[in-house]
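Inspection log for the structure reproduced underneath, given as structure tokens.
The values are calculated or read from the model by the stated rules, or taken from the named source; none is laboratory data. Model, not experiment: these values are computed from the prediction. So basically every Cβ, Gly included, is an ideal-geometry build from the backbone, and we count neighbours across all protein chains shown. Ligands, DNA and RNA are excluded from the accessible area calculation, which covers all protein heavy atoms including side chains. Shrake-Rupley method; radii C 1.70, N 1.55, O 1.52, S 1.80 Å.
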Amino acid sequence: MTLIINADRLLSELHHLATLTDCPPTTDTLLPAPTQAVTRIVFTPRDLEARAWLLELAHEAGFTTRVDPVGNTYIRWQGADPDLGVVGTGSHTDAIPHAGMYDGTVGVLGGLEAMRALKQAGFTPKRTLELLMLTSEEPTRFGIGCLGSRLLGGVLDPTTTDTLPDRLPESDPTATTGLTLHDVRTAAGFTGPLTEVTLPIGYYHAWVELHIEQGPLLERAGIPLGIVTNIAAPASYRFTLEGFGGHAGALLMPDRRDALTAASELILSIERHTLAANAAAKAEGLSGVDSVATVGSVQVHPGNVNSVPSRVTLMLDIRDTDPERREHTMSAVRADIADLQSRRGVRITEERINADTPAISGEHIVNTLASICDSEHVPYLKMVSRAYHDSTFMARLAPIAMLFIPCRNGVSHRPDEYSTPESIALGTRILALTLAQLANE
Ligand code: HGY
Ligand code: MN
Ligand code: MN
């Protein structure tokens, strides 16, 4: 089989998709071209434009498509034996505000190019091949990441999930529009019960996701591809701190219960205990970098320069390759919270949004990727994914693995996110060969 990846077509499609953004055209000379800042939040007009365009590309390529009630989009190449387990690939096209143009999109458009190239090479799959564009991988609008793949993998309760509040205003993640996921998705044309989203175990024979690394290891090591052996376990929490507010001049310091200074101590406690977890792991001879925690969003009420903050809401994103170590860190933070409440007279409430287990790649899928890299004389690095991905939840249905390509300076979730055309074409080629091998086993 002579497989030819049409890199020019793939790159032009990536750049076209990047124009479907709520960010102004990127003219920032500090950003090495070619990049385009992207904001493409699920079920917004830009997202719907991207979805319609992707379906057009799929039909032009001669594939059939279906869209499920939450908008997961299936691009299907029926195999000779449609009763066999399907080989799946895919990722997401939604993007957090002011992000880059390669996160997720390389897996969707690269997957489409892989299937087109196989078809053009005369390949005929025994097993059906499916490319998925999964809904709302980012937590921006409904507060939880991987919404589409969680439902697909049976990880979320369909009924309660449909009541998730719409948190569209990016300026204030604690604000909601008063609408729910059900309202927003049905208004966008995605109807039907969410119970129809979940697929049975065994539906997929294998799943492989192509994605940028979103970290610096491959570039630093000068290795062109990464094969993901496990995906760190993400957890996220919403903390609300309530003191009482008042006049910035007349409310004297001894009388204050300032919610923001309390929040500042909480944020530093989270950092301190996460660093301590890494130090303890290092002392045990482990890597000592597997625990990470981020408070990326803080909302201050009332937010006036001359008012003492009465309420603060902060969002914690905490991840670890070891969920027990992550829980141990959270317990240490909770002990500080108890002290903070009594010492500062504030009330702190915790809401757990998700606390997931790590995903372990399927050995057979990893070995298939590795053997194809070897036969193509492409060096690879077996590695952990510290970002979470839809593959985290596709792992509930089938053996998975991920294929990483380097991104410049390890940068992601920023407008200057970038991966070279050569890396994108190589990742697509190895993906295509892997899909072909899995589809005919
Ligand atoms: O946050 C993540 O790991 C993913 O990029 N949504
Ligand atoms: Mn992302
Ligand atoms: Mn992603």
Legend entry - Selected residue (only one of LEU118, LEU112, LEU131 is open to solvent by less than 10 Å² (accessible area, probe 1.4 Å), within 16 Å of ligand 3 (Cβ to nearest atom), at pLDDT 95 or above and closer than 18 Å to VAL87 by Cβ): LEU131
Inset, instruction - May I ask you to list the residues in region 105-150 that are away from ligand 1 (no atom under 16 Å from the Cβ) and in a helix (DSSP H, G or I)? - result: LEU109, GLY110, GLY111, LEU112, GLU113, ALA114, MET115, ARG116, ALA117, LEU118, LYS119, GLN120
Inset, instruction - For region 330-352, indicate whether the set of residues that are surrounded by 13 or more Cβ atoms within 10 Å (Cβ to Cβ), in a loop (DSSP other than H, G, I, E, B) and out of contact with any Pro (no Cβ under 8 Å at 6 or more places or on another chain) is non-empty. - result: yes
Inset, instruction - Please identify the pairs in which a residue from region 242-271 that is closer than 20 Å to MET330 by Cα has its Cβ atom under 7 Å from the Cβ atom of a residue that is in a helix (DSSP H, G or I) and open to solvent by 60 Å² or more (accessible area, probe 1.4 Å), counting only partners at least 6 apart or on another chain. - result: ALA262/ARG344
Inset, instruction - Looking only at region 400-417, decide whether some residue is in the same structural domain as PRO97 (by TED's automatic domain parsing), away from ligand 3 (no atom under 15 Å from the Cβ), under 21 Å from the mean Cα position of the chain (by Cα) and among the hydrophobic types (A, V, I, L, M, F, W, C). - result: yes
Legend entry - Residues located in region 77-107, provided they are within 12 Å of the chain's Cα centre (by Cα) and away from ligand 3 (no atom under 14 Å from the Cβ): none
Legend entry - From the options LEU266, LEU275, residue that is surrounded by 13 or more Cβ atoms within 10 Å (Cβ to Cβ), touching a Leu at 6+ places or on another chain (Cβ under 9 Å) and not in a strand (DSSP E or B): LEU266
Legend entry - Condition broken by PRO399, with the remaining ones in (1) surrounded by 24 or more Cβ atoms within 10 Å (Cβ to Cβ); (2) more than 23 Å from ARG326 (Cα to Cα) satisfied: (1)
Legend entry - Any pair with Cβ under 7 angstrom, 6 or more apart, that starts in region 93-108 at a residue that is acidic (Asp, Glu) and ends at one that is assigned to a strand (DSSP E or B) and buried (at least 24 other Cβ atoms within 10 Å of the Cβ): ASP94/ARG40; ASP103/ALA95; ASP103/ILE212
Legend entry - Hits in region 78-104 (condition: assigned to a strand (DSSP E or B), open to solvent by less than 30 Å² (accessible area, probe 1.4 Å) and over 19 Å from CYS146 (Cβ atoms)): VAL86, VAL87
Legend entry - Sole exception among (1) over 25 Å from PRO193 (Cα atoms); (2) not in a helix (DSSP H, G or I); (3) not charged (D, E, K, R) for ILE75, by number: (1)
Legend entry - Criterion (part of a loop (DSSP other than H, G, I, E, B) and more than 16 Å from ligand 3 (Cβ to nearest atom)) met by exactly one of VAL378, VAL366: VAL378
Inset, instruction - Within region 370-388, identify whether any single residue is of a type outside the set (A, V, I, L, M, F, W, C), modelled with pLDDT of 95 or more and within 16 Å of ligand 1 (Cβ to nearest atom), and answer yes or no. - result: yes
Inset, instruction - Spot the failing condition for VAL384; the list is (1) touching a Phe, Trp or Tyr at 6+ places or on another chain (Cβ under 9 Å); (2) more than 16 Å from ligand 2 (Cβ to nearest atom); (3) part of a strand (DSSP E or B), and only one is missed. - result: (1)
